[in-house]
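To keep things clear, I will list the structure first and then write my remarks on it.
The values are calculated or read from the model by the stated rules, or taken from the named source; none is laboratory data. Just so it is clear, the model here is predicted, and its values are computed rather than measured. Note that we place each Cβ from the backbone using ideal geometry, even for glycine, and neighbour counts take in every protein chain shown.
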Amino acid sequence: MRKWLILVYSIAFLSLCGIIILSLLRSSDELLYTIPQIKSFTNNNEKIKLEIYSNKPKSSIKYVENNLYNLILDDQEVILNDVDIEEIECNGYYLYIIKALNFNKDNETLISKKCILEIINQKGKYTFNIGSLSILSTEGYELIGVDDFYASYSYIDGNLFLVGVNIELSNSFKTLNEMKIGSFTSSINSLIQHNKKYPNEMNIISSIPSYNAISRINNENVAMSSNIMFIPISYTYKLYMLKEGYITFKIDDKAYYLDTFSFIANELDMNQYKTLLKEGEYASN
Amino acid sequence: MKKILFLMLTFTILLITHYSINVYAATEEYTTYSEIMMSEGKLLMNFTDEEMDKMLEEIEGTIFSGVKVYEENSNVKATYISNTLYSVENKGSTDVTYDVVVSVETTNKVSFSASGSLSGNVSKGKSGGLKGDIGAKCSVDYSNDTTTSRKEKQTMKLVVEANSRAIVYLTGELLITNGVAANYFFWIKMCEGGFEFVTLQNQYSRIEKVKISWENGWY
């Protein structure tokens, strides 16, 4: 009887130890995420910024001396040579802001629908979905003058997305051919509202019931009866978060741009965009 | 007898430490905004002494230990305008392109401020403790791990027309909860005063330009 008791207690004790060890191992697992975004920068910018979220501090990805950082832009690979990483403690998670300096030395226009960041070290390789990326060479574009400019966001499927821009142009023009933020959005010319501005947060469907966030637009020219407009935008590739970017205009058949602008200045809260999170993939060597 | 003396001494020390640090009000980033527009109610700093006294009447009566809270405004929506991040004037007669370097400061997600003797007591601790207890009573998540503020420089080219002034600033949405609270220990009121939680939703950037005119006297 005593032997049985010792055996039962031993099994219970070993099981308990096993559970503790497993839970400790699990708690040490690092989970890394991105919120895929439409990112766009002009070649005036000295750096591009990418964000990775983690449940752990002091992630191995932040040590630039131990890692190699590659951007896969569709079928093109770019090695990031000049990388600086900032770690920020947030609401129960850690944000790593990866700044790639002197990214586009050749000042070429780059457009990538699917942008992947690889972080490679001796132990293995992380792969992250960054979203879409475009870099604009501003040669051939003229800076446009604005008297007022800001974006409007609206909740779509529970997340806040950029749905349009409010603009007051400094000069008068005749015809708007198209406006874009980065390369994967387009103005919806048929829904432009003249002499109208909306707040930073709006309900796009109650204001413009026929608005559709994801659509391929065949824009027709629109007469600019006023230089104050709300220009709704649609996402031509995927509905991604849009936090900052450059804006290009084709007005009176001439190309204009507004330099990279932060529509939202604060960092995105991982807890606020849980449904948009994409977990990074890890492959050990 | 020694035990009674020891207890009395402990209480005296506790009272001195709690009441000796009660003169300053905790200030937070949001108090420096140029404008906060609440959809209803008002900010803690705008309450009169009479209004504060009236609110404090709501939490009269002692309890053994812990915090008593009265909420005057609970999660009231507000919009704000920050101070100008960048400002440039072109007094010339031709358009000028500027390289604008805007330094944007991202602030704490939840800010807290207090007045009265409550202020000194909450300022001593981190974001948990008494702040956390008041937050829990008001259903405001104010834990130790709130976002810390950081500065980020952003550069952009901007054309400023002749006789124009361009400014860049932030606007956004806030949720404001305020009222009064008192903290008790062994039926003794250790501190009381006003409190305010300001939860930052988003910070949106905006560019605005105005024409410089002689009438405005800007020359």
Given (1) in contact (Cβ under 8 Å) with a residue 40 or more places away in the chain; (2) assigned to a loop (DSSP other than H, G, I, E, B), A:Glu220 misses just (1)
Would you check if A:Asn70 is away from chain B (no Cβ under 14 Å), assigned to a strand (DSSP E or B) and of a type outside the set (A, V, I, L, M)?
yes
Answer yes or no: is there a residue in the stretch B:201-211 that is crowded, with 17+ Cβ neighbours inside 10 Å, closer than 30 Å to B:Leu44 by Cα, in contact with a helix residue (DSSP H, G or I) (Cβ under 9 Å, 6 or more places away or on another chain) and modelled with pLDDT under 90.
no
Here are A:Glu201, A:Glu139: which of them is over 23 Å from the mean Cα position of the chain (by Cα) and on the phi < 0 side of the Ramachandran plot?
A:Glu139
Only one of (1) out of contact with any Lys or Arg (no Cβ under 6 Å at 6 or more places or on another chain); (2) within 30 Å of B:Lys209 (Cα to Cα); (3) at pLDDT below 80; (4) not hydrophobic (A, V, I, L, M, F, W, C) does not apply to B:Asp141, and that is (2)
Hey, can you tell me all the residues within the stretch A:244-281 that are assigned to a strand (DSSP E or B) and among the acidic types (Asp, Glu)?
A:Glu244, A:Asp259, A:Glu279, A:Glu281
Tally of residues being within 14 Å of chain B (Cβ to nearest Cβ) and aromatic (Phe, Trp, Tyr) across the stretch A:231-246
1
From the list A:Phe249, A:Phe184, exactly one residue is away from chain B (no Cβ under 14 Å), closer than 30 Å to B:Leu85 by Cα and touching a residue at least 24 places away in the same chain (Cβ under 8 Å). Which is it?
A:Phe184
Within the stretch A:236-259, the count of residues that are buried (at least 23 other Cβ atoms within 10 Å of the Cβ) and of a type in the set (Ser, Thr, Tyr) comes to 1
Inside the stretch A:146-159, can you point out the residues that are within 10 Å of chain B (Cβ to nearest Cβ) and surrounded by fewer than 18 Cβ atoms within 10 Å (Cβ to Cβ)?
A:Asp148
If you scan the stretch A:87-106, which residues turn out to be assigned to a strand (DSSP E or B) and either more than 19 Å from B:Arg150 (Cα to Cα) or aliphatic (A, V, I, L, M) (or both)?
A:Ile88, A:Leu95, A:Ile97, A:Ile98, A:Ala100, A:Leu101
If we keep only residues of the stretch A:252-271 that are modelled with pLDDT under 90 and within 23 Å of A:Ile48 (Cβ to Cβ), then the residue farthest from the other protein chains (Cβ to nearest Cβ) is A:Met270
Among (1) over 21 Å from the mean Cα position of the chain (by Cα); (2) more than 24 Å from A:Ser206 (Cβ to Cβ); (3) touching a residue at least 24 places away in the same chain (Cβ under 8 Å), A:Ile167 falls short only on (2)
